[in-house]
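One structure is given here, and the rest of the page talks about it.
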Amino acid sequence: MRLIDQLATAGLVIGALRSQWWDERRISDYRDRALVRIMRHAITSVPYYRALGLEPGCIATASDLKRFPVLTKRDLQRAPESFLAEGFARDALYASRTSGSSGHPTTTYFDRRAWLLGRYALKMRRIAATSPLAIGCRVLIISEQKPEELAALAAAAPSGLRPFVRQLRLSIHEPVADHLEALIRWRPHILYAFPSYLLDLIALAERRGAALPPVRTVYTSSEVLTPAAREQIERALAASVCDVYGSTEFKEVAWQCRFGRYHLNFESVHIEQQESGAAGPVVLTSLMNFALPLLRFSIGDRAVFGANSCPCGRHSLNLLGFEGREGDMIDLPDGRRISPYLLTTAIETDESIRQYRIVQTAVDAFRIDVIVSAPGDSLRWRERLCGELRGILGGAIAVAVREVDALPRAPSGKRSVFQRAALAGG
């Protein structure tokens with residue numbers, strides 16, 4: 001990273017360290033001004049939004065956001081060029097591409113200020129709040145990038161941090177056995193990884209009788225972190241776990257404070273709020289990315305919304321948790337629509353089940369693929385598990401359990417807890 005960018009990032013970090021403690025009125029005023037600014041920019045400079053026929057004069061308050069249609073990744077895929085703002089040179093922008101784990105890869109472009117804020121400054125603010133850096137801090141990152149791509153990522157990191165931080169990046173596409181050796185040798189203070197990867201690592205260490213080194217802070221992301229997975233990771237690594245919610249289109253969106261609330265990075269993104277305690281779709285609007293502003297973008301996830309105040313002292317909007325992807329919601333024959341994470345509560349009560357995947361094989365039939373700690377010794381928990389799941393799904397639903405040796409990951413490295421038979425290969 002260039003020196004001028006490092007200096008700019010430092011200024012953004014200082015600002016973010018202050019703004020996280022703003023009161024509700026100041027946050028609301030900032031959000032309203034930012035929304036009006038980005039909406040007016042969109043309808044004057046972005047072909048997609050200009051085609052809506054809205055005049056700048058009709059955009060006066062934050063509530064005018066409702067004049068814009070809700071977008072999906074499909075919209076971005078169909079006409080990506082129409083979302084790029086005029087006046088920005090493509091080769092001067094920062095590109096970020098999704099892994100395509102949902103089947104719809106997209107590329108998002110960021111202007112310089114938006115990139116430095118979302119990619120670095122807000123991340124540093126979160127680390128300062130949850131695991132302050134110190135000289136000699138060792139950070140291990142399990143990346144979803146291919147091994148050959150890791151060198152470029154390491155080179156792009158701010159060199160100004162190197163006196164304080166030593167980074168080691170490993171690819172999730174490499175054997176987990178190699179990573180176990182690296183973890184024991186490196187003894188990181190901070191570890192970034194998917195929850196399912198950490199469970200694989202912990203299980204391998206237990207099978208080998210290897211003692212895992214304590215880790216001060218573990219950051220998880222990209223998969224829903226269930227309470228049972230959190231507990232297992234905290235216990236095995238003697239770590240404090242902080243879950244981070246983000247996306248390729250917006251970078252880091254929200255992060256967990258010590259009270260478990262996911263605080264919105266309101267400086268860069270707006271979320272359409274639901275009633276406190278209610279669950280609903282996550283619909284986001286970029287506030288800082290003038291190169292490719294996305295207004296009312298439905299990210300495809302479902303969240304449980306919290307209030308604005310939190311015991312930690314922050315007044316930003318916060319989320320209580322996530323129900324997973326909208327597309328993973330289970331439609332049942334009786335008309336109910338439930339989250340697969342409603343089923344995980346029953347599955348995770350049995351300590352003999354190490355990993356699992358819920359597979360919907362038909363409208364009225366489910367199979368639970370499980371990796372267990374004692375293969376073959378399963379009659380009691382099979383009967384209990386099938387009975388509890390039928391109670392949740394309905395008595396007419398068929399439930400079967402199958403022991404497996406491994407649960408394959410998607411090309412992105414992620415592992416979903418729910419698949420439909422067509423996606424799971426039958």
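The values are calculated or read from the model by the stated rules, or taken from the named source; none is laboratory data. Just so we're clear, the structure is a prediction, and the values are computed from it rather than from any experiment. Cβ sites come from the backbone with ideal geometry, for glycine too, and all protein chains shown count toward neighbours. Just the protein is used for accessible areas: all its heavy atoms, side chains included, with ligands, DNA and RNA removed. Shrake-Rupley method; radii C 1.70, N 1.55, O 1.52, S 1.80 Å.
Quick notes
- Residue within the range 355-363 that is polar (S, T, N, Q), modelled with pLDDT under 80 and closer than 24 Å to ALA193 by Cβ present: no
- Note on the range 213-236: residues that are farther than 18 Å from VAL372 by Cα and either in a strand (DSSP E or B) or touching a Leu at 6+ places or on another chain (Cβ under 6 Å) (or both) total 6.
- Filter pass, LEU84 being open to solvent by less than 20 Å² (accessible area, probe 1.4 Å) and at pLDDT 90 or above: no
- Restricting attention to the range 217-235, the residues that are modelled with pLDDT of 95 or more, touching an Asp or Glu at 6+ places or on another chain (Cβ under 8 Å) and either of a type in the set (S, T, N, Q) or surrounded by fewer than 22 Cβ atoms within 10 Å (Cβ to Cβ) (or both) total 1.
- Every listed requirement among (1) outside any loop (DSSP other than H, G, I, E, B); (2) touching a residue at least 60 places away in the same chain (Cβ under 8 Å) is met by PHE88 save one, (1).
- Some residue of the range 264-285 being at pLDDT 95 or above, among the hydroxyl-bearing types (Ser, Thr, Tyr) and either in a loop (DSSP other than H, G, I, E, B) or over 22 Å from GLY118 (Cβ atoms) (or both): yes
- Residue satisfying condition, being in contact (Cβ under 8 Å) with a residue 40 or more places away in the chain and among the small types (Gly, Ala, Ser), within set GLY280, GLY321: GLY321
- Number of positions in the range 383-410 that are hydrophobic (A, V, I, L, M, F, W, C), at pLDDT 85 or above and within 24 Å of PRO195 (Cβ to Cβ): 7
- Filtering the range 320-327 for residues that are modelled with pLDDT under 90, of a type in the set (Asp, Glu) and either open to solvent by less than 20 Å² (accessible area, probe 1.4 Å) or in a helix (DSSP H, G or I) (or both) leaves a non-empty set.
- Qualifying residue in the range 167-186 (condition: surrounded by fewer than 17 Cβ atoms within 10 Å (Cβ to Cβ), modelled with pLDDT under 75 and more than 21 Å from the chain's Cα centre (by Cα)): no
- Qualifying residue in the range 53-62 (condition: surrounded by 14 or more Cβ atoms within 10 Å (Cβ to Cβ) and of a type outside the set (A, V, I, L, M)): no
- The residues in the range 216-240 that are closer than 26 Å to ASN265 by Cα, in contact (Cβ under 8 Å) with a residue 24 or more places away in the chain and of a type outside the set (Lys, Arg) can be counted, and the count is 15.
- Subset of the range 351-366 that is crowded, with 20+ Cβ neighbours inside 10 Å and not β-branched (Val, Ile, Thr) - its residue that is farthest from the chain's Cα centre (by Cα): PHE366
- Out of ALA114, ALA60, ALA134, sole residue that is modelled with pLDDT under 95 and among the hydrophobic types (A, V, I, L, M, F, W, C): ALA134
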